[in-house]
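First the structure, in the form of structure tokens, and then the observations on it.
Every number here is computed from the coordinates shown, using simple stated rules; none is lab data. Just so it is clear, the structure is predicted and the values come from calculations on it, not from any experiment. Here the Cβ is made from the backbone with ideal geometry for all residues, glycine too, and neighbour counts use every protein chain on show.
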Amino acid sequence: MKLEGKKTLWKEYQKEIASDNYFYARSCIRQNFFPASETTFLRVLREELGKTIHEDARHTTCTGIVYHSDLVTIETTMTVIARQFSLMTQSGYLNYVASCITSFGLYTEILDMWEHFPEMEQKAREMLWKATKREFEKPKSLAHASDIIYKFRNEIAAKSKYKLINLNTGQPLKVVEHIGCHYSKMFPHKGIGGAEYPYVLVGMIEAFGGEVVDYPERRHCCGFGFRQYIVKANRGFSIASSRKKFESMTPYKPDFILTNCPGCPYFLDRWQYAISEMEGITYGENGHGIPVLTYEELTGIVLGYNPWDLGLQTHQVAVEPLLDKIGIPYDLSQKYLGSDGEFIGKPEKPSVLKVY
Amino acid sequence: MGRLIDKLHQDIRYEEGMNACINCGTCTAICPAAEFYNYDPRQIMIDVQSGNEEKIEELLKGEAIWYCGECMSCKTRCPRNNTPGLIIMALRAVSQELGCFTESEKGRQQLVLKRTVGEWSLKYGYCMYPEALTTTNFPEQGPIWDWEHANLHMVMKRLGANYQGEGNGVLRRIPQDALDEIYKIFEVTGGLDRFENIEECSRKKAEEMGMGFDETHNNEYFDYIFTTNNGDHQK
């Protein structure tokens, strides 16, 4: 098969994405480590795109991390998910949008299982009623939050203040993307572009003016592995997986890494720091790391939002080299300010990894 | 105890994940865990499919079933639509149900997971919570997290979060009635029973190993299972 043919395989994997009136379910990991990404997502939808997106304070963890740590049965997990659907049903907004890939994968898995085993759906309904006296409808549509940005990528690009173009060379920035295993490895037809050639992030990068760089370990796991990271004794697995990706992508000199899953940007950011401390290795230019962005942060960057509103100051790998390449102004004196504009001190500098 | 293979068959994930494995080894080739650990999902599929009770019991008490990271890369590539990752989940469930998990170093770690992401889910409504995450236990979070952690409320507010606040938003305080509903779901669906079983089996194992054990994260057994790696897990 010719490469050009392969590059268009993603077109076989499309799905319906609702145009408006969403129910938003937040991500535990994204809220902990990338809080501004969720804030930005809602800002873009409401202020830039004029969409209605509803949330309910009563929604909780979907138990995805707990389920994949093998702590609960599928009965527990599917009933917690049924409760999330109950909140969605109450709201009247049946286009469910998950901020988390683990959640998205799990919702997909549960809905698929209920198709194959209707008695399990009945069981979920009975257990939910017994526990909470709640009932639910299934979502009219299910999307990961990145699907929504993908759907409106051209509208966003039309409003953008910056393109992913290197200011000095005039060339498109080179971007590697990391899709997150549970987006489409389990159910390829539920993700834009499928599992082998997922297009959800590629579509954004291309719309925003960048160039996607292919590399051998593009589809390798970041190494979260649930118990493989949470338990300290297992983290060799986690860091080795990320390291394999860094070693594979570095020869292609990517300007940044774009991520889909809430956990992956954390690991791809922090393991670069850990590797630099352990081995003295840095993967970016001039002693820096390779900047890692969430798709919400990228969207905010091209729309010209203040980098510190986007939370880029909470990355361990400095993002400033990327901002410099695009020509985005930033004020370092504003970087480490608290909520009322007060200076709250600077973080310690890593011993190897260069930061601003 | 009944036949182990029958127990596996009762798990819906076994039915979803096993469709006459042809032992081609594609799962092992693609598996990130197989690259790192002394782990071969193909062999596990062979052993489970054989229905050999001794081999299944060996799996339930051994290290191998705990190496998988549940990335589910195996599902994408299997030419017969098997999912070794789902078979691993079914094996882990039976291992915990029968108390076999405390027989292996990696299996014993279930107590750490239960007392962290498991309990945080019930206590906070989030499987992770920033107050509980420190660079002592997660040093790779780096100095940036120390800064963020020391200024948590101010940084969260700066980034638009509603940390521990009422109403909607990032890291809002989940209302108590919602937490009560989640607790009740765990109670009705057997989630609490699983948690209690992990505790009880772990307590017995700690006693057998002559290690201190209490309900906190600061006891000899907890620290041992959180940090110990005998170095025998890799190829």
key: R0 of 45 Å, Cβ-Cβ distance B:Asn52-A:Gln122: FRET efficiency to nearest 0.05   = 0.85
ask   = Around A:Ile53, which amide H atoms from residues at least 5 apart in sequence, or from another chain, sit under 5 Å from its own amide H, with H modelled in the peptide plane?
value = A:Tyr22
inquiry  = If I model a spin label at B:Asp214 and A:Ser91 as a point 7 Å from the Cα along the Cα→Cβ vector, what separation in nanometres do I get?
reply    = 4.3
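How high is the FRET efficiency between A:Phe343 and A:Glu277 when r is their beta carbon distance and R₀ equals 25 Å, given to the nearest 0.05?
On the way: r = 27 Å, r/R0 = 1.08.
The computed FRET efficiency comes out at 0.40.
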request  = For A:Glu177, list long-range residues whose amide hydrogen, built 1.01 Å from N in the peptide plane, is under 5 Å from its own amide hydrogen.
outcome  = A:Val213, A:Leu258
ask   = Dipole magnitude of the stretch A:22-145 about its Cα centre, charges +1 at Lys/Arg Cβ and -1 at Asp/Glu Cβ only, in debye to the nearest 20?
value = 400
request  = Compute the projected area of the convex hull of the Cα atoms of the stretch B:129-173, averaged over all viewing directions, and report it in nm² to one decimal place.
outcome  = 3.1
Amide hydrogen neighbours beyond the local backbone of B:Gly165, cut-off 5 Å, H modeled = B:Arg173
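Given 0.36 nm per residue, what is the gain on full extension from B:Lys123 to B:Asn19 after removing their alpha carbon distance, in nm?
Details: separation 104, 0.36 × 104 = 37.44 nm, distance 3.93 nm.
Length gained, B:Lys123 through B:Asn19: 33.5 nm.
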Spin-label pair B:Glu199/A:Lys130, simplified geometry with 7 Å Cα→Cβ offset, distance in nm = 2.2
key: Eligible lysines near A:Lys161 by straight Cα distance, threshold 30 Å, same-chain separation 8 or greater   = A:Lys7, A:Lys11, A:Lys15, A:Lys51, A:Lys151, A:Lys174, A:Lys253, A:Lys325, A:Lys335, A:Lys346, A:Lys354, B:Lys157
Compactness of the stretch B:50-133 - radius of gyration and Dmax, Cα, Å = 15.2, 47
request  = Measure nothing fancy, just the Cα-based angle from helix B:41-50's long axis to the longest principal axis of chain B, in degrees from 0 to 90, nearest 10.
outcome  = 60
ask   = On full extension of the chain, what length is gained from A:Lys159 through A:Thr250, given 0.36 nm per residue of separation minus the C-alpha to C-alpha distance?
value = 29.6 nm
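Where does chain A land at 222 nm, in deg cm²/dmol rounded to the nearest 500, when only DSSP H runs of n ≥ 4 count, each adding -39500 (n - 2.57), divided by all residues?
Details: 16 runs with 150 residues, N = 356.
Value at 222 nm, helices only: -12000 deg cm²/dmol.
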key: Vicinal HN-Hα couplings computed from phi for the stretch A:159-173 (Karplus, 6.51 cos²θ - 1.76 cosθ + 1.60; Hz; Gly/Pro x)   = 8, 5, 9, 10, 10, 7, 10, 6, 4, 7, 9, x, 8, x, 5
inquiry  = Translational diffusion coefficient of chain A at 25 °C, 0.890 mPa s, Stokes-Einstein with Kirkwood Rh over Cα pairs, in µm²/s as a whole number.
reply    = 116
key: Rounded tilt (10° steps) of A:118-132 against the dominant C-alpha axis of chain A   = 90
ask   = Tell me, what HN-Hα J-couplings in whole Hz come from the Karplus equation 6.51 cos²θ - 1.76 cosθ + 1.60 at θ = phi - 60° for each residue of the stretch A:40-45, using x for Gly and Pro?
value = 5, 4, 5, 4, 5, 5
